[in-house]
1. So, residue 1205, is that one open to solvent by less than 20 Å² (accessible area, probe 1.4 Å) and not aromatic (Phe, Trp, Tyr) or not?
2. So how many residues does segment 1210-1238 have that are in contact (Cβ under 8 Å) with a residue 12 or more places away in the chain and closer than 23 Å to residue 1072 by Cβ?
3. In this structure, does residue 597 turn out to be open to solvent by 20 Å² or more (accessible area, probe 1.4 Å), at pLDDT below 85 and in a helix (DSSP H, G or I)?
4. Restricting to segment 923-943, and then to whatever is open to solvent by 10 Å² or more (accessible area, probe 1.4 Å) and within 12 Å of residue 968 (Cα to Cα), can you tell me which residue is modelled with the highest pLDDT?
5. Would you mind listing the helices (runs of 4 or more DSSP H) fully within segment 297-376 where at least 2 residues are β-branched (Val, Ile, Thr) and either buried (at least 16 other Cβ atoms within 10 Å of the Cβ) or in contact (Cβ under 8 Å) with a residue 24 or more places away in the chain (or both)?
6. Name the residues in segment 356-378 that are over 12 Å from residue 264 (Cβ atoms) and of a type outside the set (Asp, Glu), would you?
7. Looking at residue 255 and the list (1) under 38 Å from the mean Cα position of the chain (by Cα); (2) assigned to a loop (DSSP other than H, G, I, E, B); (3) surrounded by fewer than 17 Cβ atoms within 10 Å (Cβ to Cβ), which single condition is not satisfied?
Amino acid sequence: MQKSVRYNEAHALHLAALARKEGTKRGYLSKKTAETSRWHERWFALYQNLLFHFESEQSARPAGVYLLEGCTCERAPAPKGGSAGSAKDAALDKQTYFTVLFGHEGQKPLELRCEEEVDGDEWVEAIHQASYSDILIEREVLMQKYIHLVQIVETEKISANQLRHQLEDQDTEIERLKSEIVALNKTKERMRPYQSNQEEDDPDIKKIKKVQSFMRGWLCRRKWKTIVQDYICSPHAESMRKRNQIVFNMVEAESEYVHQLYILVNCFLRPLRMAASSKKPPISHDDVSSIFLNSETIMFLHEIFHQGLKARITNWPTLILADLFDILLPMLNIYQEFVRNHQYSLQVLANCKQNRDFDKLLKQYEANPACEGRMLETFLTYPMFQIPRYIITLHELLAHTPHEHVERKSLEFAKSKLEELSRVMHDEVSETENIRKNLAIERMIVEGCDMLLDTSQTFIRQGTLIQVPSVERGKLSKVRLGSLSLKKEGERQCFLFTKHFLICTRSSGGKLHLLKAGGVLSLIECTLIEETDMNDDDSKGSGQMFGHLDFKIVVESPDAPSFTVVLLAPSRQEKAAWTSDISQCIDNIRCNGLMTIVFEENSKVTVPHMIKSDTRLHRDDVDICFSKTLNSCKVPQIRYATVERLLERLTDLRFLSIDFLNTFLHTYRIFTTAAIVLEKLSDIYKRPLSSIPVRSLELFFATNQNNRGEHLADVKSPHLCRKFSSPPPLSLSRTSSPVRTRKLSLSSPLNSRIGALDLSTSSLASSPTSTYSPATSPPPTSSKVPLDLSKGPSSPEQSPGFAEENSENPRIELCNKLRRSIRRAVLESVSVDRTIPESASTVDTPELSPCRSPSTPRHLRYRPPGVQTTDNSHCSVSPASAFAIATAAAGHGSPPGFNNTERICDKEFIIRRAATNRVLNVLRHWVSKHSQDFELNNELKMNVLNLLEEVLRDPDLLPQERKATANILRALSQEDQDDTHLKMEDILQMLESPKPECFETLSAMELAEQITLLDHIVFRSIPYEEFLGQGWMKLDKNERTPYIMKTSQHFNDMSNLVASQIMNYTDVSSRANAIEKWVAVADICRCLHNYNGVLEITSALNRSAIYRLKKTWAKISKQTKALMDKLQKTVSSEGRFKNLRETLKNCNPPSVPYLGMYLTDLAFIEEGTPNFTEEGLVNFSKMRMISHIIREIRQFQQTSYRIEPQQKVTQYLLDKSLIIDEDTLYELSLKIEPRLPA
């Protein structure tokens, strides 16, 4: 302990200033002086291990400082005073005294006191922490341990010396014994001749010994043979053989993988680095790093792992691998960088290939014999499969490893860590893929689009729609859907994101151009009109003209006049898909805004704070596990969860991720049933408050600290149940007393574009021309009263007693008032941006017709009795905006007569509306996008119909909700939802011509179009349920996946037809012409985006029966061969169909992809990851991967071709009598061109 300290005044002043600002503990204390024993009040500040005291809090210079290191602080008893009964001594006794004892010699203790006992305890604890006494005690303990260890070392040295002496003595004894053995051996050698003579003299004994030795050997061999044979036939031995085989295969695969990485690094990476350093570099160093990433580090890692595996093989049959994986696991994180940027590296490589010098140099590298004809993309793809390959290998290894095996637990741990790493990599790839998808679209747009640079934008869908030009009312009949100019000039490439909708035109070069007006639509400003009003002449004409394929998007921008975008879909199914996704995005945005209004304006609790405070949304538990990736709602994605937690996320009113909804509806049949999902939706509709967690409800109802428990305890409130039948709306009594006016200001994101709405006006009942007043009212007064938003008029005959009766129950009155406010806000046709004039003159309200809601048909709209409507009524308020206005009006401020009970009623009513919207949104998405569920399950269909009819009977249902319910009912009750799509049965019924056309009379264009039409019809007919569970690989695949098997059969039939048609010709020229014609057909299929047809033709041309015809191929032109090479490169399976995936990503629907590519992806996902964890949780990450693939398939299924079927061509293509089997084809090939003699 140091006894003196150097003192630097400037440093001390600096520390004193820090103590005043950032001190651990600061405040006034009374200090006892050592000389006079008097107490003086000083201001103390504790900073680290220094205690400063000042004359007062305002003093800048300290009066003194104490070094607290090594001191002790203890409570001290109050000193005894002179007179026991004085008030001053009693006050002093209540104060807290404590003493600081310093470890320095000669330093007097510091006696302090404070007013409060709690404050004294805090000072004692703070000084104790600043004294570092715990650290000193720990130092003393460590010093004692050190001394003890030194003593042990000295003892061990003495023991070592003693052992050394003992060993020397033992060595001496051994030498003595050796000499004695040598002497005994010499004596034995001298006696051996005498013994041998005895044995030679007795041959019978020798025979007996020989027979005994033979019998012992035979019995031993027989016993061991039996033991070995029994073990060989045992299950354990069989399991061990399989396990050893798995290990041997793993070593071979690892050796092959290391060799592939060696080729990638030495044949491509290092030569390209040297080329980048040349005078005229064909590629930059940055591009080399972007292409190869950290592949060299991966190679070094796996070389070490491979050497460890080979060392283990040398110790066979004892194979211990767990420690190798323990070493490998921490290093496998380097794969995250490679996998995350793999797609980007391939894009950089494709861009670099545009440089001729680089492409030429790369082809030289690829011509290296070590590459074996493989491209650079192939080698870059190998690391992508290594982690899943390890997972599969460990899974197989554990299946043949006994539970009592020494490395069972280690292998299970390695498998779990690899699966966790694989999930993290997949989540990062999913997020990165979405960002790259957005950036790819942004690069395709010539003008650029800053909106796509927002990482929160999630891509939903894209496709081709026709935009109807804006024309005057009544002149729409001049536009025809079949018009060539409308198809050509109005064709638009549309992209839907979670927050925006892009409309682009495509130039001849393939580039996209945003429309100058209305190219980027913010969905928060949009209103979707799915079905037009039948009473509207313009809408009726457009509906008949376009076959009800049109839908409208009304845009209400705050900076520009509102306008309408009319779009046409190719089919009703595609229209339903577009409108479902758009409405889901709009409803999600508006529901978030609505809940923001409820939680932030009423409860003073922000929605992000509520979500953040709910630990069930981001903290792992026994029934749920989250990913690090956030979804579009900025909430962690679910990795594993129970079915109950998934249903809870589906019905959480605070947010709904579109990706989660699509994933759930695509894959729910794997882990639950439709009846359970529907039961949950029905329960949320009837008991909406159960959809918000308890913690959020506490924050939600925390309006007043005193009334919180009162309202939460009222569980039996009639507002908590849907079956509550509200009384008829009551009108507020008319009054002439001045009442403070209420102004509604919507500052939420939902209606940020709408200005303040002032509802203060003169009494409607005072107007002689008021529509609500049946009789003439007294002359108007100058006093202002609030605008009556009730359903009925304010009757002059209404008695004061009735108003008093209503005022006795403010909660019921408030609910009625809120309902009338919402209905009136939806029904009134006044502009939101203007305020109602405050004047005492008469009020004329001739237009009282409902607002034109996108979801309310004219025959279902609510009209108050006695109100007359006109045809000129128009409203710029959308139903959601009016609903937000009404709810904001009910919960704004603290106007007279609105207490906490009324605000609680507001919140409960809004939650009921939000719950209804959530149930309707899920049902609409379910019915419109997954109609096959209801076609195959009539009981489910009837239950949904009953639920929707119950919703329609709700007296508080808004017009928007009523129309949405009617639309779902209409879609669900519709017998034939796909009547506009052509089916294969329709094609087969048309084939009645007795004389089919021959191949020579059909043009390549006709063949390509009809092949595309047939391929798309077969591809479109596959229900998405068949993509679940790998049914196409099971023994009963024809029963489980009939449509996938039909698609596979159709592919084989078309490929066989191409090969058979070529082999039917006997002369070389005809065969060559047939090949050139089929190549032209394949190229037209490529132009039509029918890559399935391209693969049908190229696979036929690559059959051995045709590929071996060298004389025929010699007649083919170079242009045709080059075109065929281009087509084969496009649909090549190299790199998991890398080129085909890139082509599909950049092409616009309609398109027909190769189904086998998606089936391979699904099989890989199914084999690599289980549906449930060992704890019984649903593997929702796997469901998300499956859903993404199904969504991509369905995106191509929903967009149909506008190709008319031609009977003569389809009859030729579907004529199975022209098909020759494979063996016969090869025999014909041998007849045409026999094998050359060896």
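1. Values: open to solvent by less than 20 Å² (accessible area, probe 1.4 Å): no; not aromatic (Phe, Trp, Tyr): yes.
Taking the combined requirement at face value, the residue does not satisfy it.
2. Residues in segment 1210-1238 being in contact (Cβ under 8 Å) with a residue 12 or more places away in the chain and closer than 23 Å to residue 1072 by Cβ: 12 in total.
3. Against the criterion (open to solvent by 20 Å² or more (accessible area, probe 1.4 Å), at pLDDT below 85 and in a helix (DSSP H, G or I)), residue 597 does not qualify.
4. 941
5. Answer list for segment 297-376: 334-340.
6. 356, 358, 360, 361, 362, 363, 364, 367, 369, 373
7. In the conditions (1) under 38 Å from the mean Cα position of the chain (by Cα); (2) assigned to a loop (DSSP other than H, G, I, E, B); (3) surrounded by fewer than 17 Cβ atoms within 10 Å (Cβ to Cβ), residue 255 misses (2) alone.
Quick grid of which residues meet (1) open to solvent by less than 40 Å² (accessible area, probe 1.4 Å); (2) assigned to a strand (DSSP E or B); (3) modelled with pLDDT under 85:
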residue	(1), (2), (3)
30	yes, yes, no
37	no, no, yes
40	no, yes, no
83	no, no, yes
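The values are calculated or read from the model by the stated rules, or taken from the named source; none is laboratory data. None of the values given here were measured: they were computed from a predicted structure. We place every Cβ from the backbone using ideal geometry, glycine too, and count neighbours over all the protein chains shown. The accessibility values were calculated without ligands, DNA or RNA, using every heavy atom of the protein model including side chains. Shrake-Rupley method; radii C 1.70, N 1.55, O 1.52, S 1.80 Å.
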